[in-house]
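**Student:** Got a structure for you, questions after.
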2 protein chains.
Amino acid sequence: MNQSTARGRPGARPIRQDDIRRHNLGRLLGQVHRHGELTRADLTQRLNLSRSTIGALVADLTELGLLDETVPVGGERVGRPSHVVGPRPDGPYAIAVDIDVTHVSTAAVGIGGFVLAIHDVPTGLRSSSPVTIAALIVSACDELAAKVPDGAWPIGIGVSVPGTVTSSDGTVELAPNLGWRDEPFGQLLAGLAPPNLPISVGNDADLAVMAEHMRGAGRGCNDLIYLAGRIGVGAGVIANGAPLRGFMGHAGEVGHNVVDASGPRCHCGRRGCVETYIGDKALLKLAGRRVSPTIAHMTEVFAAAELGDVRAAAAVRTVAVALGQTIGSLVNILNPEKVILGGSLAGVFGFARPELEAALVAHTMMTDREAVELCAPGLGNDSTLLGAAELAFARLFADPLDQSSQS
Amino acid sequence: MNQSTARGRPGARPIRQDDIRRHNLGRLLGQVHRHGELTRADLTQRLNLSRSTIGALVADLTELGLLDETVPVGGERVGRPSHVVGPRPDGPYAIAVDIDVTHVSTAAVGIGGFVLAIHDVPTGLRSSSPVTIAALIVSACDELAAKVPDGAWPIGIGVSVPGTVTSSDGTVELAPNLGWRDEPFGQLLAGLAPPNLPISVGNDADLAVMAEHMRGAGRGCNDLIYLAGRIGVGAGVIANGAPLRGFMGHAGEVGHNVVDASGPRCHCGRRGCVETYIGDKALLKLAGRRVSPTIAHMTEVFAAAELGDVRAAAAVRTVAVALGQTIGSLVNILNPEKVILGGSLAGVFGFARPELEAALVAHTMMTDREAVELCAPGLGNDSTLLGAAELAFARLFADPLDQSSQS
């Protein structure tokens, strides 16, 4: 009788006890995920393991179909070329979901953050009930499965929501612009999705800043804000290299901070919230456009401003000034090195940078305003989707053996 | 030839190479500092060291005069009583300095956070030049030396400043209410103070939250804000158990966040800053009192409000509403478990808690407002002083042998 049966786990495979191996498999996979193709020599150095151990781990991961190993030909270096370990297109993929008010984007994201397939569905402002959205996601999973390379397999679903989330069970506590409150969305989606796909739910800005920190404009930056602006406005924060979550995981909810108590009425019931100054609806209204705040319509406003549309240009500049004040308040409190402007705010930054920066200077403590750097997302519109993919990947990196058994 | 001379350090005492011992001496001292008197049995458990090692470390620290060991008499427990290790009143003390606009408080703080002596000097609003303040601190060091128990000795000076500080060299970058800008205050004070007293400088709210987290109302709380309000307003933040500093160490500068761009003129040049609504001068003005904002005058306003002075009561309630909005914005961004209200804000909280809490609810995202707890400082008016003492103690705990040699 061996130890595992003695402990009452007769069905446990002996390999499951090899915690160190699992841990190192996850570390190796995580290195390739973060840095892309790496040589065995790179891996030996980064993981501080012996060449033979690296060789064994790589053999395991290629055997499991999680990574590929190739021998480069025609290199210029003398001697035996080091094998290159990298992601494979027909490997595991995360199903990343970005739920916003006017659309649901779904993507198949492979190891290394490669988007293998993408599927966008516009949603009306009145069709965002949790059940409708969950059904839409499940059907998008099939669409993606048809588009990814043959042999690739999904390992889980990571969902981004524009609201506050209890990460342990995926309950959406409050997503004002979706009209959701205390929705057990994780549970709902789990009931509809295939049973072998674990589901995780997170806040949009928290996920975006994670992705930008990992492989975007925030790489190597330890004090970072991603300010996400679409219909709603929220911030994801990295402080001292780690996500700033707060006591209940709700840090960064800047959208309903009151800028002016006698300002415009907000849908939340208050007056003068940040969203009423820098949200998409505010910009459309200032630009005199009676259209829904879709990404396409917002892009049109910025294009019109660039082309000399006086009203559009003035609208963007007005939003830029309010945005400068909003960022100024965040900078005073959090003293970041960098602020990444995502969603429509990237458009405001692109067109009205001087007005934005002047307002920021006017609203920031003297010693910090020279230091903070504003920038557009390094991952374009995909920061949130790639962050959602990380939610799904987290389980795989925690234990590659456990996950791959589901393929 | 032994190793240390081989490495060209002929004068180095062999004991200096005993890094583990130094480290453990610092840990033991730190435990007594944080928790007060502990038995040898407690220490054995907390430090995860053997009884004999603990015995040797305790012997070293008592030998150095840093701690006392006593054998309790008359206990009720059977068997040999465990020796109790604790601070000694004639041991080392930190010189803690709290510079504010209307006063400079200086205290001798012993291990365990015991205030051995205190010395307050009121300063005029126009007499706060760096040189004047530095000279005042040096003379206060003598006053304290005369008041502490015979044999006690100072180990360093920790200074709190109401402004942003470069901690590496003690330069005060901006302390608007003192009128200081880029003042090399640490260097200035070092030139005047006795040469064996290392000097450290920190931000008032950062130091206060550190002390409250260690031994005040924030003990055991990992997401904590200390909102300091006197003439200026600033926040010290603990996020996920660690100080939130930001890129340049300036996080928490909430005092000049703009509440209303058409609000009252602020001395910083802007309009409607937080300070113009909840700073001491705002409260005195609302209460119709043309006096300087000293602690005594502020205490009088709160006392008058309690005694039924209608104008004072209305003034405190008005400030409470603005304070609720300020806290609401901080809660939305940082999602703390607790907010400690320090300085005059403790008085506002004490008198107008219902108005304050109602305003907080109105300005906080729904899911968080039920969770956040408001409270007064556990250390009364001494949070900042005790935090400043920690700055000075940090060196002692890093290496008790190095410091004690200066006695």
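The values are calculated or read from the model by the stated rules, or taken from the named source; none is laboratory data. For clarity, every value in this text was computed on a predicted model and none was experimentally measured. Neighbour counts are summed over all protein chains in view; Cβ atoms, including those assigned to glycine, are modelled from backbone coordinates with ideal geometry. Accessible surface is based on the protein model in full, side chains and every heavy atom, while ligands, DNA and RNA are left aside. Shrake-Rupley method; radii C 1.70, N 1.55, O 1.52, S 1.80 Å.
**Student:** Given the conditions (1) among the aliphatic types (A, V, I, L, M); (2) closer than 20 Å to B:Cys141 by Cβ; (3) surrounded by fewer than 24 Cβ atoms within 10 Å (Cβ to Cβ), which single one is not true for B:Ala217?
**Tutor:** With (1) among the aliphatic types (A, V, I, L, M); (2) closer than 20 Å to B:Cys141 by Cβ; (3) surrounded by fewer than 24 Cβ atoms within 10 Å (Cβ to Cβ) applied to B:Ala217, the lone miss is (2).
**Student:** A:Gly347: open to solvent by less than 40 Å² (accessible area, probe 1.4 Å) and either modelled with pLDDT under 95 or at the interface with chain B (Cβ under 8 Å from one of its Cβ atoms) (or both), yes or no?
**Tutor:** Numbers: open to solvent by less than 40 Å² (accessible area, probe 1.4 Å): yes; either modelled with pLDDT under 95 or at the interface with chain B (Cβ under 8 Å from one of its Cβ atoms) (or both): no.
Judged against the criteria, A:Gly347 is not a match.
**Student:** Just one of the numbered conditions (1) of a type in the set (A, V, I, L, M, F, W, C); (2) in contact with a Leu (Cβ under 9 Å, 6 or more places away or on another chain); (3) open to solvent by 30 Å² or more (accessible area, probe 1.4 Å) is not true of A:Ala315; which one?
**Tutor:** Unmet condition: (3).
**Student:** Go through the range B:276-296 and give me each residue that's modelled with pLDDT under 95 and under 23 Å from the mean Cα position of the chain (by Cα).
**Tutor:** Correct list: B:Pro293, B:Thr294, B:Ile295, B:Ala296.
**Student:** In the range A:33-74, which residues are farther than 20 Å from A:Ala94 by Cβ and of a type in the set (Asp, Glu)?
**Tutor:** A:Asp42, A:Asp60, A:Glu63, A:Glu69 - these are the residues of the range A:33-74 that are farther than 20 Å from A:Ala94 by Cβ and of a type in the set (Asp, Glu).
**Student:** Before we move on, is B:Thr326 within 18 Å of B:Ala346 (Cβ to Cβ) and either at the interface with chain A (Cβ under 9 Å from one of its Cβ atoms) or among the β-branched types (Val, Ile, Thr) (or both)?
**Tutor:** Values: within 18 Å of B:Ala346 (Cβ to Cβ): yes; either at the interface with chain A (Cβ under 9 Å from one of its Cβ atoms) or among the β-branched types (Val, Ile, Thr) (or both): yes.
In short, yes.
**Student:** With the requirement that a residue be more than 8 Å from chain A (Cβ to nearest Cβ) and crowded, with 24+ Cβ neighbours inside 10 Å, what does the range B:220-236 give you? Before the answer, list the steps.
**Tutor:** Looking only at the range B:220-236, we keep the residues that are more than 8 Å from chain A (Cβ to nearest Cβ), and these are B:220-221, B:224-234, B:236.
Selection gives B:Leu224, B:Ile225, B:Tyr226, B:Leu227, B:Ala228, B:Gly229, B:Arg230, B:Ile231, B:Gly232, B:Val233, B:Gly234, B:Gly236.
**Student:** Pull up the range B:359-388, narrow it to residues that are among the hydrophobic types (A, V, I, L, M, F, W, C) and either over 21 Å from B:Ile225 (Cβ atoms) or more than 23 Å from the chain's Cα centre (by Cα) (or both), then point me to the one that is modelled with the lowest pLDDT. First the steps, then the outcome.
**Tutor:** As a first pass, look at the range B:359-388 and keep what is among the hydrophobic types (A, V, I, L, M, F, W, C): B:359-362, B:365-366, B:371-372, B:374-376, B:379, B:385-386, B:388.
Now narrow it down to the ones that are either over 21 Å from B:Ile225 (Cβ atoms) or more than 23 Å from the chain's Cα centre (by Cα) (or both): B:359-362, B:365-366, B:371.
Details: B:Ala359: 92, B:Leu360: 93, B:Val361: 89, B:Ala362: 87, B:Met365: 74, B:Met366: 60, B:Ala371: 74.
So, considering only residues that are among the hydrophobic types (A, V, I, L, M, F, W, C) and either over 21 Å from B:Ile225 (Cβ atoms) or more than 23 Å from the chain's Cα centre (by Cα) (or both), the one modelled with the lowest pLDDT is B:Met366.
**Student:** Can you name the residue in the range B:148-193 that is charged (D, E, K, R) and either touching a His at 6+ places or on another chain (Cβ under 9 Å) or at positive phi (or both) and is also surrounded by the most Cβ atoms within 10 Å (Cβ to Cβ) among such residues? Spell out how you get there, then give the answer.
**Tutor:** Within the range B:148-193, the subset charged (D, E, K, R) is B:150, B:169, B:173, B:181-183.
Of the ones still in play, those that are also either touching a His at 6+ places or on another chain (Cβ under 9 Å) or at positive phi (or both) are B:173, B:182.
Details: B:Glu173: 20, B:Asp182: 12.
The selected residue is B:Glu173.
**Student:** Could you check the range B:250-275 and list, in sequence order, the residues that are at the interface with chain A (Cβ under 7 Å from one of its Cβ atoms) and either under 25 Å from the mean Cα position of the chain (by Cα) or in contact (Cβ under 8 Å) with a residue 40 or more places away in the chain (or both)?
**Tutor:** Across the range B:250-275, the qualifying residues are B:His250, B:Ala251, B:Gly252, B:Glu253, B:Val254, B:His256, B:Asn257.
**Student:** Given the conditions (1) over 20 Å from A:Ala320 (Cα atoms); (2) surrounded by fewer than 24 Cβ atoms within 10 Å (Cβ to Cβ), report the number of the one that A:Pro264 does not fulfil.
**Tutor:** Condition not satisfied by A:Pro264: (1).
**Student:** From the list B:Ala362, B:Ala371, B:Ala313, which residue is among the small types (Gly, Ala, Ser) and farther than 21 Å from A:Thr164 by Cβ? Before you say what the answer is, go through the steps one by one.
**Tutor:** Numbers: B:Ala362 fails: farther than 21 Å from A:Thr164 by Cβ; B:Ala371 fails: farther than 21 Å from A:Thr164 by Cβ.
Step by step, each of B:Ala362, B:Ala371, B:Ala313 is checked, and only B:Ala313 is among the small types (Gly, Ala, Ser) and farther than 21 Å from A:Thr164 by Cβ.
**Student:** Related question: Could you tell me which residue of the range B:329-344 is farthest from the other protein chains (Cβ to nearest Cβ), considering only residues that are in contact (Cβ under 8 Å) with a residue 40 or more places away in the chain and not hydrophobic (A, V, I, L, M, F, W, C)? Working first, answer last.
**Tutor:** Residues of the range B:329-344 in contact (Cβ under 8 Å) with a residue 40 or more places away in the chain: B:329-331, B:334-344.
Remaining after also requiring not hydrophobic (A, V, I, L, M, F, W, C): B:329, B:335-338, B:342-344.
Details: B:Ser329: 4, B:Asn335: 2, B:Pro336: 6, B:Glu337: 4, B:Lys338: 8, B:Gly342: 17, B:Gly343: 18, B:Ser344: 21 Å.
Among those residues, the one meeting the criterion is B:Ser344.
**Student:** Would you be able to say whether some residue in the range B:291-307 is open to solvent by 40 Å² or more (accessible area, probe 1.4 Å), more than 19 Å from B:Gly229 (Cα to Cα) and more than 14 Å from every other protein chain (Cβ to nearest Cβ)? Quick ask: steps written out before the conclusion?
**Tutor:** Going residue by residue through the range B:291-307, those that are open to solvent by 40 Å² or more (accessible area, probe 1.4 Å) are B:291-292, B:295-297, B:299-300, B:303, B:306-307.
Within this subset, residues satisfying the condition of being more than 19 Å from B:Gly229 (Cα to Cα) are B:306-307.
Going one step further and asking which of them are more than 14 Å from every other protein chain (Cβ to nearest Cβ), we end up with B:306-307.
Checking the range B:291-307: at least one residue is open to solvent by 40 Å² or more (accessible area, probe 1.4 Å), more than 19 Å from B:Gly229 (Cα to Cα) and more than 14 Å from every other protein chain (Cβ to nearest Cβ).
**Student:** Restrict the check to the range B:202-211 and report whether at least one residue is among the acidic types (Asp, Glu) and more than 14 Å from every other protein chain (Cβ to nearest Cβ). Before the answer, list the steps.
**Tutor:** Initially, the range B:202-211 is screened for residues among the acidic types (Asp, Glu), giving B:204, B:206.
If we keep only those that are more than 14 Å from every other protein chain (Cβ to nearest Cβ) as well, we get B:204.
Yes, that holds for at least one residue.
**Student:** Sticking with this one: Determine if the range A:194-202 includes at least one residue that is touching a helix residue (DSSP H, G or I) at 6+ places or on another chain (Cβ under 9 Å), hydrophobic (A, V, I, L, M, F, W, C), farther than 24 Å from A:Gly113 by Cα and open to solvent by less than 10 Å² (accessible area, probe 1.4 Å).
**Tutor:** Start the filter on the range A:194-202 by keeping residues that are touching a helix residue (DSSP H, G or I) at 6+ places or on another chain (Cβ under 9 Å), which leaves A:194, A:197-202.
From what's left, hydrophobic (A, V, I, L, M, F, W, C): A:197, A:199, A:201.
If we keep only those that are farther than 24 Å from A:Gly113 by Cα as well, we get none.
Looking through the range A:194-202, none of the residues is touching a helix residue (DSSP H, G or I) at 6+ places or on another chain (Cβ under 9 Å), hydrophobic (A, V, I, L, M, F, W, C), farther than 24 Å from A:Gly113 by Cα and open to solvent by less than 10 Å² (accessible area, probe 1.4 Å).
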